[in-house]
Each structure stands twice: as C-alpha cells, then as structure tokens.
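Just below is one structure, and these are the notes that go with it.
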Amino acid sequence: MFLWNILLTLIWAGLSGNFTFSNVAVGFGLGYVVLWMMQRVLGRSRYFAKVHQVIRFALFFLWELILANLRVAHDVVTPTHHSRPGVIAISLDAKTDVEISMLANLITLTPGTLSLDVSADRRVLYIHAMYIDNDDIDAVRRKIKSGMERRVLELLR
C-alpha cells in the first residue's frame, strides 16, 4: 500500500507540474485517502494502522526532543549547573539489530542522553545520561523503557 501511495503521490505531482514539498505532501495525503476509501476493493491492509503509529511516534519523539532541548538550554544559560551525569545499563526488550539501532540512535539524538555501547549478547544498552534527578537511576531506566523503547517496539513489530 505504501508503494501505491507513493505512486499516487508522484502522479499527483506530475499532473500538477509542481514538485514542491507542500504539493507532494498534499498528494501523499490525497493518495492515502483514496487508498483508504478503496479498502473494500483492494483488501484490508495494516498500512493504515502503521501510518497512525508513525505519526504518533513522530509526535512523541518531537515532544521528547523539545523537552530535552529546553532542559539542556536552561542548564546552559543559568549560572548553576543542574546536571547529574552518569552511565546507566538498560536491559533491552529489543532483539533485532534494527530495533536496537533505532533505539540507540533515537536516544543519542535526544539532547542530554548518549548511547555508548551494546553488550556482546545484545541484552544491555549502556547510555550516558546528563540528568539523573535525585540519583534515581531506576527512574531514567523506566522512562526509556516505558517511553522510547516501548514505542520503538510497537512501531517496528
């Protein structure tokens, strides 16, 4: 279905003669609606549920990115530093290379956290966290496992 949506998007952009980002986005949206309405003819597909998952995940990650940037920016501009850094081992529910790589990269993209290494058996991810509030390492672990890792696994499985 995704390839059909891309094809409809390209047809839309080609017929309109305008290959701008906004026009391609409109074409993608119209293609999505057309495919959604054609489900009875084409058959059911998980594509429509996955699109909603991708949008929810993107909004979640954007929110986490904004919060982390604000926290780091506040720490930089204030005279006292509030950071309490540390290295944390997080047991992984992610099993495949794609799941582990995506989780590690998203953690690294978020300011204040950095993925350091994955254990040889691929069961533990080591991260550096800039803010460990009240030395509560378990709170940082829970936030990553119930937030980022859970959503990555929902998206990829």
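The values are calculated or read from the model by the stated rules, or taken from the named source; none is laboratory data. Because the structure is a prediction, the values reported are computed rather than measured. Cβ atoms come from the backbone with ideal geometry, glycine included; neighbour counts cover every protein chain shown.
Restricting to region 115-130, what's the tally of residues that are over 16 Å from GLU99 (Cβ atoms), surrounded by fewer than 17 Cβ atoms within 10 Å (Cβ to Cβ) and of a type outside the set (D, E, K, R)?
Counting residues in region 115-130 that are over 16 Å from GLU99 (Cβ atoms), surrounded by fewer than 17 Cβ atoms within 10 Å (Cβ to Cβ) and of a type outside the set (D, E, K, R) gives 4.
Give the residue that is modelled with the highest pLDDT, with candidates limited to residues of region 1-57 that are of a type in the set (D, E, K, R) and surrounded by 12 or more Cβ atoms within 10 Å (Cβ to Cβ).
Per the criteria, the residue is ARG56.
For region 131-142, enumerate the residues that are surrounded by fewer than 13 Cβ atoms within 10 Å (Cβ to Cβ) and either of a type in the set (Ser, Thr, Tyr) or closer than 30 Å to VAL51 by Cα (or both).
Answer for region 131-142, where residues must be surrounded by fewer than 13 Cβ atoms within 10 Å (Cβ to Cβ) and either of a type in the set (Ser, Thr, Tyr) or closer than 30 Å to VAL51 by Cα (or both): just ARG142.
So in region 146-157, with the set limited to residues that are among the charged types (D, E, K, R) and surrounded by 18 or more Cβ atoms within 10 Å (Cβ to Cβ), which one is nearest to the chain's Cα centre (by Cα)?
Filtering region 146-157 for residues that are among the charged types (D, E, K, R) and surrounded by 18 or more Cβ atoms within 10 Å (Cβ to Cβ), the one nearest to the chain's Cα centre (by Cα) comes out as ARG151.
Is at least one residue of region 35-44 part of a helix (DSSP H, G or I) and under 30 Å from LEU103 (Cα atoms)?
Step one: of region 35-44, the residues part of a helix (DSSP H, G or I) are 35-37, 39-42.
Within this subset, residues satisfying the condition of being under 30 Å from LEU103 (Cα atoms) are none.
Within region 35-44 (the criterion being part of a helix (DSSP H, G or I) and under 30 Å from LEU103 (Cα atoms)), the answer is no, since none of the residues qualifies.
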